[in-house]
1. So which of Ala252, Ala225 is part of a helix (DSSP H, G or I), at pLDDT 95 or above, out of contact with any strand residue (DSSP E or B) (no Cβ under 8 Å at 6 or more places or on another chain) and surrounded by fewer than 17 Cβ atoms within 10 Å (Cβ to Cβ)?
2. Sort out which residues of the stretch 293-308 are within 18 Å of Val89 (Cβ to Cβ) and of a type in the set (Ser, Thr, Tyr), and write them in order of number.
3. Out of all the residues in the stretch 273-287, is one or more crowded, with 22+ Cβ neighbours inside 10 Å and farther than 21 Å from Leu74 by Cα?
4. Would you point out the residue of the stretch 187-211, among those that are of a type outside the set (Ser, Thr, Tyr) and in a helix (DSSP H, G or I), that is surrounded by the fewest Cβ atoms within 10 Å (Cβ to Cβ)?
5. I'd like the full set of residues that are charged (D, E, K, R) and either surrounded by fewer than 24 Cβ atoms within 10 Å (Cβ to Cβ) or not in a loop (DSSP other than H, G, I, E, B) (or both), limited to the stretch 228-249.
6. For Ser315, work out the one condition from (1) surrounded by fewer than 21 Cβ atoms within 10 Å (Cβ to Cβ); (2) under 30 Å from Ala104 (Cα atoms) it doesn't fulfil.
7. If Asp214 satisfies every condition in (1) over 18 Å from His134 (Cβ atoms); (2) surrounded by 15 or more Cβ atoms within 10 Å (Cβ to Cβ) but one, which is the exception?
8. Could you please give the count of residues in the stretch 223-252 that are within 22 Å of Ile129 (Cβ to Cβ) and of a type in the set (Ser, Thr, Tyr)?
Amino acid sequence: MSRSSQLLAVALALTSFSARAFAQAPTPGPAAPPEQAAPPAIEILYHADLDGRLATPACAGAAKREGDVDYATLLGRLAGERADGSRPVTLLGGNIATPDLFGAGLVERGPAGIEALAALLARGQYDAIAFGHHELSMTPEALGQLARALVARGMPVVATNLRCDARARGACPDVRPSVLVRRGELSLGIVATISPTVVPGIPAASFKGLTLDDPAPAARAAIRALRARGARYVILMAQGPRDATSLDQVDALARKLAGGPRGEGPDVILAGGLAGEGAERPMRALYRDGVAPIAGSPTGTAGLTRLRLGGGDASPVIDTLASAGATPDADAAARLAAELTAACARYGAAAAPGPV
C-alpha cells in the first residue's frame, strides 16, 4: 500500500471512531428550571378592641391601678418597631372609641372631643382602620364625624359589608369597601367585615339606614377586585361579637372563604372580638389546613399582633408584642394628660378609676 493510501485509511478510521463516540455520548437533558425567588416579605402590625381604653382616669384620691398601660405606651411600642426605618403596614381593628370611660367621654363632648380622639389615633399612623359594633352604636352624627376626622388625617376607614341608605339616614359615614396599601413594588389589599350578629345589640336609632351584608360574598367581591388591581397579599380584618360565639363565627367565615373560587380568599384573617368580655384570655392564632390562618389581638392597649408574610415562609409568622416596657410617645402622653386633667375638672373623683 502506498504512503498516500495508508494516510487515507488512518483518516477514515479516525472519522469513523469520532462518529461512533459522538453517537454514544449521552444526550444532555433539559436544563433545570431556575430557582424561583421567594415572594417579598411584608410585616403587619395589628391591634383591635381598644374600646376607648386609651387611659385610665385617676383623679384626686384614686391611685393608678397596677399594670395599667395607656395608649401612649402602645404607641411607643409601635414606634420601636419602626425605629430601624422599616415601614410595617399598621392596622387598627374595630371597637375603637367606646364603651370605656375615657373614650366615651371624648365622644360625648361632640365634635371637639371626636377631633381630639382622632388626633390621638393619628399618632399610630394606621394604614387602615376598621369599625366594630361599638362605632355603629354611636349616633349617626358622631359616627360620621369620627369617620371624617380619621380620613382627614390620612387613615381610611374600611367596612366591606356595610351598606348605607343616605335617604333613610341623612348622611352616610365616609367608609370604603377596601384599601390597597403599597410598600415599594409590593401591594397589600385590606378588607374588613363586621358580623351581622351584632345588629340586635345596636340601638335602632344609631343603625337607621345601615345594613350589614353577609361577610363572605362581600369579602370575596372586594378581594377579587384587589387581586385584579395587583394585590400580592390580602388581609381581612373581621370583627365579631364579644361573646363565646365569636371564635366559631370567624372560623366559619374562614372556611367559607376557603371553599370559594381561587383568588377570592384572604391570605390572613385578623380577628377582633375574640377575647370575649371580662377576664377571658384573647386567642392568639388558629391554623387549619387549606384555610387562611386567623390571628387574634391583645385587647385595650395591652399590645400588638405582629405578622410576617412571604420571604420564603410557608405560613405567616405570627407573634405578640406587649406594650409594657416601651417608652411612651411623648406627644400622645401630653395629649392624654391634658384630656385627663379636663375630665377630672369636670367630674372630679367620680371619673376614677377604670372602665365602665
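The values are calculated or read from the model by the stated rules, or taken from the named source; none is laboratory data. For clarity, every value in this text was computed on a predicted model and none was experimentally measured. Note: ideal-geometry Cβ built from the backbone for every residue, glycine included; neighbour counts use all protein chains shown.
1. Of the residues listed, the single one that is part of a helix (DSSP H, G or I), at pLDDT 95 or above, out of contact with any strand residue (DSSP E or B) (no Cβ under 8 Å at 6 or more places or on another chain) and surrounded by fewer than 17 Cβ atoms within 10 Å (Cβ to Cβ) is Ala225.
2. Ser297, Thr305
3. Looking through the stretch 273-287, none of the residues is crowded, with 22+ Cβ neighbours inside 10 Å and farther than 21 Å from Leu74 by Cα.
4. Here the answer is Ala204.
5. Arg229, Arg232, Asp243, Asp248
6. So Ser315 meets the others, but not (2).
7. (2)
8. Residues that pass the stated criteria total 2.
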